[in-house]
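What follows is a short report on a single structure.
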Amino acid sequence: IQRSPEELTGDLNQPQAEAVRYAGPALLIGAGAGSGKTRVLTRRIAWILSQVGAWPSQILAITFTNKAAAEMKERLAALIGPVADRMWVSTFHSACVRILRRDGEGVGLKNGFSIYDTADCERLIKLIGQDLNVDVKKFTPRSILSRISDYKNSLVDWKTQLAAFAPDYKPGQRGYRFGRIDNIEELYAVMYAEYQYRLAMANAVDFDDLIFKTVELLRTQPDVAAYYRHKFRFILVDEYQDTNHAQYILIRELAGVDDPAGPSAAVTVVGDSDQSIYAFRGADIRNIQDFEQDFPNARTIMLEQNYRSTQTILDAANAVITHNEGRKPKKLWTALGKGEKITGYAADNAALEAHWIAGEITRLHAEEGVRYSDIAIMYRANAQSRSLEEGLIKAGVPYQLVGGTRFYERREVKDAIAYLQAIVNPADNVNMRRILNVPKRGLGARAESMVAMAAESHNTTFWDALDHLEQIEGMTARTANPLSRFRDLMNSLRQFAAANDAHPSRIVAQVLHESGLLEELQKSDDPQDASRVENLSQLQSVAAEYEQHNPDGTLSGFLETTALVADSDQLPGADEDSGKVTLMTLHTAKGLEYPVVFLTGMEQGTFPHSRAMEDEKELSEERRLAYVGITRAKRHLYVTRAALRAQWGQANEMLPSQFLDEIPDELIDWKRRETGMERMRSGWRDDDEFGGWGDDDDEFGGFSFGGSTFGSAAPRTASHSSYGGSSYGSSRGSSSYGSSYGSSH
Ligand code: ATP
Ligand code: MG
C-alpha cells in the first residue's frame, strides 16, 4: 500500500512529524511518557518503507517485549500492508536468536542449540557446584548467576575474569583448590568459566549469551558483520533507556558506526531517561544520555505534548520525578484538561485495601460503565498480587494476572520441552539429565552419575556416553537395562522428529505418548495431575498454533518461541476487550496505557522497596518506577496503601510511601486518608467510628483528618472544614477532604 506523506504525518504534531521525516544518520527521540514515542517510531518505519523506498528486509526494529513487537507489526500491516511480515520487528533477544541460528557457528554454536531459561541455568550451576565442591547453598545459584549476568551485560568475558582472579584454573578441571575461601572474586571467576564451558559442551546458551555471543560474532567474523551491515539500512530501537552495555554495542556493531567505511545504517532510538527501570538487569541510563556523543552527527528531537493522560495525572508524575537529582527537567503538557482528581485510599491492612479496590471497580463498572479491560491494578512485587486476587475473587470481579508462574515454567511443561530440546540437541546435558528418570523408569542418582562420570572422563556429552553404554564399566543389568531402554526411546523419538520436522505438534504428541509422560499423569489420582494433563494438551495446541502461523516452521523454531516468552506476552492486545481487569507489576506495565489505573501498596518498604530506601541511586530508580506507574493512567488514577502488610509471615506496620508525599496534596481526593491505627495514635478515640472494618467504605471514607499520620501531636480540630495539622508532616492545602465525611457523623 502506498501512503502519501500527508497520510503518514497529517495527524501528528510538528516535532513528531519532523521525527518521522528525519533523513540523517542518527536520531534520538527523547521525551516524556505518553508523548507518542512509540507511535512516531511506528510511523517512521512506514515512512521509510513508503517514502524513502527501503525494502522491509532492510529494517531492523527493536521493541522491549514480544507483545510490543506483535503490536507494532499489526499497526504497520494496517498502515502499509502485509510487507510488514518480511521485516525484523522483535526484541533484542529474538533478533539475536535469528542471527545466531544463521551464523552462530562463527562463535561455536551448532545447529539446534538450546536456550536455557533461569531454572535450567540454576540447575547447571548446582551441578557445577557439586563437582567443584562449592557450597551453592552459601553462594546461592541465583547470586552466582546474577554476577555472571552482570559480566555478560557489560561484555566481560570469562577469560578475562579467570586471568585476573584464578589464572591456574582450567575449565573442565576437577579437584581445583580455591586459594582463599573468602576470595569471592575467584569463586565467581571459576564459576563463570566453568559455566560457559558446560554451556558450550551442551551446545546451549542462556539469555544474556544471546546478546553477548552476537556481539562476539560481529566483532570476530568480519564477513558476518559485513553481511548484516549490508543488510540493515535502518535500525530503530524503542525503550532505549533500558538498554544495557552489550545491547548498546550490538547496535553500534550492526550499524557499523565504527566501520572505517562509515556507518551503514541510520539509527533511530526513542526513550525517556525518566523511565529507566531495569538497572538490576544491567540497563545503563547513560546510553540515552550520551547518545549524541556516541553517534556521530546525531540529532535529538524532543516531544512535549502528552496525548495519554489528564493534566492532573501529568502534574502528579512530574511532581514525583522532579525529586530525582541530576536529571534534565522536561516539559510535558496535555490538551486533555485537568480531568478527575487522583483518588486516594488508606486501608488498615492489605486485605482491606484489596476489598476497597474490588468494591470501587465494581462501582466503576456498574455505575460508570467502565469496561473491566480498561482497568489495571499495579504493584511493586509479585507477592502483592495474592491479597488483591482474593479481594477480586470475593467481589466477583473477573481479572487476569500477568506474571506469576508461567506456563512454560510448570514442571510437566518443562519436562515435555526438555524432551523436545534433547531431541533437537542431544548434547544438551541439562535437559537430557532432567528427563532421564521422567517418567520414572527406575534410574536413580547413581545411574545418572555413572553416565555423567563416563562422559567426563571421555570429555564428551552425557548422551554420547549413554550411547556407548556398553563401554561403561561396573554397570549392573539393573542399571543398564533401563538406561538402554531410555536410549532406544530417544533414538526412536529422534527418528520420528526427523521424519516430521515440519509438524511440531505431531512431534509433541508423539513425545507425550511414547515417553509415557502422559500416561503417568493420567494414571495418577492426584487431582493436580489432572490439570497437568490439561497443560500438556495445551502445549500441543500451542505447537499446532505455531504451525499454522509458520508454515515453514520446524521443531527448533517452535522451541525458540517457547524459550523467549515473557510475562508481558500474556497481555491481551491493545484493542481487545478481554472482559477482565489486568493485574501486573509496575515493571511489566512499561509502555502500556489504561484508562483507569490503581497503584497499590504505596508504602515505605513496599514501594519504594525496602532494599532501595537506604540507597540514593536505587531510590531514584524506584521513583522512576513510580513515574512509569502514574503515567500509565489515561483518565483516572488511584493510589492506595495499607497500614499493615504481611512480610515473612509477620504483619508489619507500614508508613505511607514518600512518593505519595511527593504528589501535591490538591491533586488527590482522599476517600480515607488515615488508617484506624493512625487515627488512634493521633488521639482519636471514638470506637464507633473506626470499628467498621470495611463493609461500607463510604461510611468511613472521609476520616482523613489533618493530624499527622506519623503520630506526632499535630493539632486537630473537630471541624472537618478546617484541617489544621498537616498530613504527612508537610504543610499543604487540604481543600478536598471530607466529601463523604458528614455521613458518619
Ligand atoms: P511511553 O513513554 O509510555 O512508552 P510513548 O511516548 O511511547 O509512551 P505512545 O504510547 O506512542 O507514547 O502514545 C501515547 C498515546 O498517545 C497513545 O494512545 C497514542 O496513540 C496517542 N498519541 C500519540 N501521538 C498522538 C497524536 N499526534 N495524535 C493523537 N494521539 C496520539
Ligand atoms: Mg512507548
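Where a number appears in this text, it was derived from the coordinates with a stated rule and is not lab data. Quick caveat, the model's predicted, so the values are computed rather than measured. Cβ atoms come from the backbone with ideal geometry, glycine included; neighbour counts cover every protein chain shown.
General observations
- Fewest neighbouring Cβ atoms within 10 Å first, the residues ILE393, ILE472 line up as ILE393, ILE472.
- Legend: ranking of residues LYS170, LYS330 from fewest to most surrounding C-beta atoms inside 10 Å; resulting order LYS170, LYS330.
- Counting other Cβ atoms within 10 Å as a rough exposure proxy, the listed residues LYS328, LYS152, LYS73 run LYS328, LYS73, LYS152 from fewest neighbours to most.
- Placing R0 at 45 angstrom, the Cβ-Cβ distance between THR140 and ARG487 gives a FRET efficiency of 0.85 after rounding to 0.05.
- Prolate/oblate/rounded label for the range 200-296 (Cα gyration tensor, a/c 1.5): oblate
- Residues HIS323 and ALA381, FRET efficiency given R0 of 22 Å [Cβ-Cβ distance, rounded to 0.05]: 0.50
- Amide N of the range 185-209 lying under 16 Å from the label point, which is placed 7 angstrom from the Cα of THR160 along Cα→Cβ: 189-190, 192-193, 209
- 5 angstrom amide H check on ILE115, placed H, neighbours 5+ away: VAL205
- Potential extension, SER610-ASP529 segment - 0.36 nm per residue separation minus Cα distance: 25.3 nm
- Charge context of GLU304, other residues only, Cβ under 9 angstrom, K/R +1, D/E -1: +2
- For the range 1-57, size of Cβ-based charge dipole, Lys and Arg +1, Asp and Glu -1, in debye: 160
- 3J(HN,Hα) along the range 219-224: 7, 9, 10, x, 5, 5 Hz, from the Karplus curve 6.51 cos²θ - 1.76 cosθ + 1.60 with θ = phi - 60°, whole Hz, x for Gly and Pro.
- The chain: angle of helix 350-367 to the longest principal axis, Cα-based, in degrees nearest 10: 70
- Contour minus Cα-Cα distance for ALA335 and ALA78 (0.36 nm per residue): 89.8 nm
- Given charges at beta-carbon only (K, R positive; D, E negative), |dipole| of the chain in Debye: 1200
- Per-residue 3J(HN,Hα) values for the range 79-89, derived from phi via the Karplus relation 6.51 cos²θ - 1.76 cosθ + 1.60 with θ = phi - 60°, read 6, 10, x, x, 4, 3, 4, 8, 9, 7, 10 Hz in sequence order (x marks Gly and Pro).
- Cross-link partners of LYS440 among lysines (Cα-Cα below 19 Å; sequence separation of 8 or more within a chain): LYS414, LYS523
- Anchor LYS331: lysines whose Cα lies under 23 Å away (excluding residues fewer than 8 positions away in-chain): LYS37, LYS341, LYS590, LYS634
- Angle between the chain longest axis and helix 445-457 axis [Cα atoms, degrees, rounded to 10]: 60
- Spin-label model, TRP648 to ARG281: label points 7 Å out along the Cα-to-beta-carbon direction sit 2.8 nm apart.
- Where only DSSP H runs of four or more residues are counted, the chain gives -13500 deg cm²/dmol as its mean residue ellipticity at 222 nm, each run worth -39500 (n - 2.57).
- A cut-off of 5 Å between modelled amide H atoms, ignoring neighbours fewer than 5 places along the same chain, links ASN349 with ALA643, LEU644.
- Global geometry of the chain, whether rounded, prolate or oblate, following the gyration tensor of its Cα atoms and the 1.5 cut on a/c: prolate
- Shape category assigned to the range 114-202 from the gyration tensor of Cα positions, a/c cut at 1.5: rounded
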